[in-house]
1. Subtract the Cα-Cα distance of residue 49 and residue 105 from 0.36 nm times their separation in residues, and report this length gain in nm to one decimal.
2. Quick one: 288, 150, fewest Cβ neighbours within 10 Å first, how do they rank?
3. In nanometres, what is the gap between the two model label sites at residue 222 and residue 42, each 7 Å from Cα along Cα-to-Cβ?
4. Just to confirm the number: angle between the C-alpha axis of helix 163-190 and the first principal axis of the chain, 0 to 90 degrees, nearest 10?
5. To test your reading of the geometry: what angle, between 0 and 90 degrees and rounded to tens, separates the Cα axis of helix 218-241 from the longest principal axis of the chain?
6. Tell me, what are the semi-axes, in whole angstrom and largest first, of the equivalent ellipsoid of segment 214-274 as set by the roots of 5 times the Cα gyration tensor eigenvalues?
7. If I take R0 = 51 Å and measure r between the Cβ atoms of residue 145 and residue 79 in this structure, what FRET efficiency does the formula 1/(1 + (r/R0)^6) give, to the nearest 0.05?
8. Can you tell me how the chain classifies by the Cα gyration tensor, rounded, prolate or oblate, using a/c under 1.5 as the rounded cut?
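Just so you know, all these numbers are worked out from the coordinates, no wet-lab data involved. Treat the numbers as computed from the prediction; the structure is a model and nothing was measured. Neighbour counts are summed over all protein chains in view; Cβ atoms, including those assigned to glycine, are modelled from backbone coordinates with ideal geometry.
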């Protein structure tokens with residue numbers, strides 16, 4: 001009787017609480033979705049604020065950035081001029097907002113242009129015949145042997161001085177880095193097992209490239225463009241500083257620094273404000289690019 005009672009008790013405990021000998025099927029841990037780091041979120045917020053400021057700011061602060069008022073020449077910051085006025089009495093805040101438009105949108109145009117050109121040439125190297133890969137690789141190495149700023153300066157001088165020609169020169173001198181990066185990424189993606197499966201069922205190479213490879217590389221393309229955005233802003237501002245950008249009095253962050261050189265000792269804010277905007281924007285872009293790269297590395301680690 002006691003043995004029967006013990007057996008029933010043991011069976012009940014196994015049903016209700018389980019047994020140490022009973023294998024427990026563990027549920028797979030759900031991977032936590034990677035989040036941007038604090039620095040990445042801070043940089044994204046700062047860039048969003050900067051973008052909204054240069055787009056909406058001139059509409060809210062309706063002051064003509066080209067209007068001169070010699071009576072307000074080099075006026076200190078006040079309610080009517082929050083950042084003061086320059087050597088011609090022009091409102092510094094209005095000129096900074098308009099100058100930010102030219103700098104940010106110009107650099108964005110260059111990044112888009114270089115990304116598209118580099119993607120096309122990189123794809124041609126990766127999927128084209130060997131002679132084309134060899135030819136484009138040698139051309140790329142030749143361009144990379146010349147400093148991009150120096151080459152852009154020479155092209156700007158040949159094409160005549162204008163902002164559009166400056167952007168074109170920057171595109172023609174910065175595509176090499178993109179082409180090499182995209183070539184390596186496409187070759188790595190083409191070595192994935194799913195590509196072999198697509199080739200086995202007769203999918204054409206162009207369809208594989210457009211439907212499978214490029215969509216999977218979109219994240220990497222965003223990271224590359226974000227990381228390079230800051231250097232484009234620096235190059236654009238440097239060339240504008242030496243007179244190859246917008247012609248005065250149209251403001252741009254680079255030429256605003258150039259115009260304020262003669263008054264640096266008397267009014268250093270005229271040079272510090274645009275320089276601080278350039279440095280802050282580049283810093284935010286670098287922080288955001290690093291955060292996006294870390295997040296992309298996490299996804300690629302899961303995928304691999």
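1. Values: separation 56, 0.36 × 56 = 20.16 nm, distance 1.48 nm.
So the extension gain works out to 18.7 nm.
2. Working: 288 26, 150 10.
By the 10 Å Cβ count, ascending, the order reads 150, 288.
3. Going from the residue 222 label point to the residue 42 one covers 2.3 nm.
4. Approximately 10 degrees, to the nearest ten.
5. The helix 218-241 is inclined about 20 degrees to the chain.
6. Numbers: eigenvalues 221, 30, 11 Å².
They are 33, 12, 8 Å, listed from largest to smallest.
7. Working: r = 54 Å, r/R0 = 1.06.
The pair residue 145/residue 79 has a calculated efficiency of 0.40.
8. On the way: a/c = 4.15, a/b = 1.67, b/c = 2.48.
Oblate, since a/c reaches 1.5 and b/c is not below a/b.
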